[in-house]
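Notes follow the structure.
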Amino acid sequence: MDMVGFKKFRFPVPPLEVQREIVKVLDTFTELEAELEAELESRRRQYAHYRNTLFSLPDSGCRSVRILDVAEVRSGWGFPIAEQGNPGGTLPFYKVSDMNSVGNETFMSSANSYIDTSTAARLGVKAAPAGTVIFPKIGAAVGTNKKRMLSVESAYDNNVMGLIPAPLIRSGYLFHRLQTFDLLQVANDSGAVPSIRKSDMEQILIPLPDIAEQDRIVGILDKFDALVNDLTTGLPAELQARRQQYEYYRDKLLTFDEVAS
């Protein structure tokens, strides 16, 4: 809409007392939302602090291993533009941008592109299994330090790298452990953009407790993660419900029957 059209735009103007009541109601909703957002941010900081503290505790029986020894490091595949945007298929094909989608804060559960098995074979894609930990491997996105887990067998493009856990390590433990690792530490910044080489990632050392201890750590941290990231439970679910409630009442309160002039 240009400025001329905007100036001619007509909108309802109820009496001042009605305006005040509408503002009062909607302000209450925005205040509640702001309180929940502040609480969520506080819980996220608490989660990060507790996770870092948990991983910093000394464990005399814990050895350090190379990622190469406990996981397959697998880079992604080229994803031609002509193949992108398909909403149906057997395999999600993830790009870095999919890590930003609502609901993909921990597990990758939705994609903007899918392919079928015949397309995967034609593109030479060897799908990664559920539980693979993925992250950006090139460009400014490396600095965001996003790490996610695949919820189902999936493909991902060549801007993404994945770690496929071997039996010695739980995928949840690998995921939570990597949250404390800065990807820029392993990125090669000698060129125009930072990038992570497969050979460098394979040499990263991580502490590896026994399976029972891994399960104990994962059980604790999964509860925190659900509290701050799960859209079906915890604070994110409550915040989402408040936003939907606000939008519902806003639309109801700002809808008026037109009065003939």
Global geometry of segment 1-131, whether rounded, prolate or oblate, following the gyration tensor of its Cα atoms and the 1.5 cut on a/c: oblate
Residue with peak Gaussian network fluctuation, the chain [Cα springs, cutoff 10 Å], from LYS95, LYS24, LYS137: LYS24
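Hey, got the dipole for the chain? About the Cα centre, +1 on K and R Cβ, -1 on D and E Cβ, debye to the nearest 20? Mind dumping the intermediate values first?
Working: 29 positive and 34 negative charges, 119 e Å.
Here the chain has a charge dipole of around 580 debye.
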Listed residues VAL133, PHE9, TYR248: farthest to the positive end of the dipole of the chain (Cβ charges): VAL133
Selection from ILE115, PHE29, VAL65 lying farthest towards where the dipole of the chain points positive, charges on Cβ: VAL65
Within the chain, helix-based [θ] at 222 nm, where runs of 4 or more DSSP H residues each add -39,500 (n - 2.57), nearest 500: -13500 deg cm²/dmol
Protection proxy ranking of 207-216, 160-169 - average other beta-carbon atoms within 10 Å, highest first: 160-169, 207-216
Prolate/oblate/rounded label for segment 58-168 (Cα gyration tensor, a/c 1.5): prolate
Cα gyration tensor category, rounded, prolate or oblate, for segment 188-228 with a/c compared to 1.5: oblate
At R0 = 45 Å, FRET efficiency that the Cβ-Cβ distance of GLU17 and GLN240 yields, to 0.05: 0.85
Rh by Kirkwood over Cα pairs, then Stokes-Einstein D for the chain at 0.890 mPa s and 25 °C, µm²/s: 114 µm²/s
Sequence-distant residues sharing a close amide H with GLU153 (under 5 Å, placed H): ALA130
Accessible solvent surface per residue of the chain, calculated while the other protein chains remain in place, 1.4 angstrom probe, Å²: 57 Å²
Among the listed pairs LYS126/LYS146; LYS126/LYS223; LYS137/LYS223; LYS223/LYS252; LYS24/LYS252, those beyond 26 Å (Cα-Cα): LYS126/LYS223; LYS137/LYS223; LYS223/LYS252
Cα centroid separation, segment 7-43 to segment 115-145 (Å): 42 Å
Accessible surface of the chain, 1.4 Å probe, proportion on carbon and sulfur as whole %: 54 percent
Amide H within-cut-off set for ILE204, under 5 Å, with H built and near neighbours excluded: ILE67, LEU68
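The values are calculated or read from the model by the stated rules, or taken from the named source; none is laboratory data. Everything quoted here is computed from the prediction, not taken from an experiment. Don't worry about glycine lacking a Cβ; one is built from the backbone with ideal geometry, like all the others, and counts go over all protein chains shown. We work out accessible area using only protein heavy atoms, side chains counted, and drop any ligands, DNA or RNA first. Shrake-Rupley method; radii C 1.70, N 1.55, O 1.52, S 1.80 Å.
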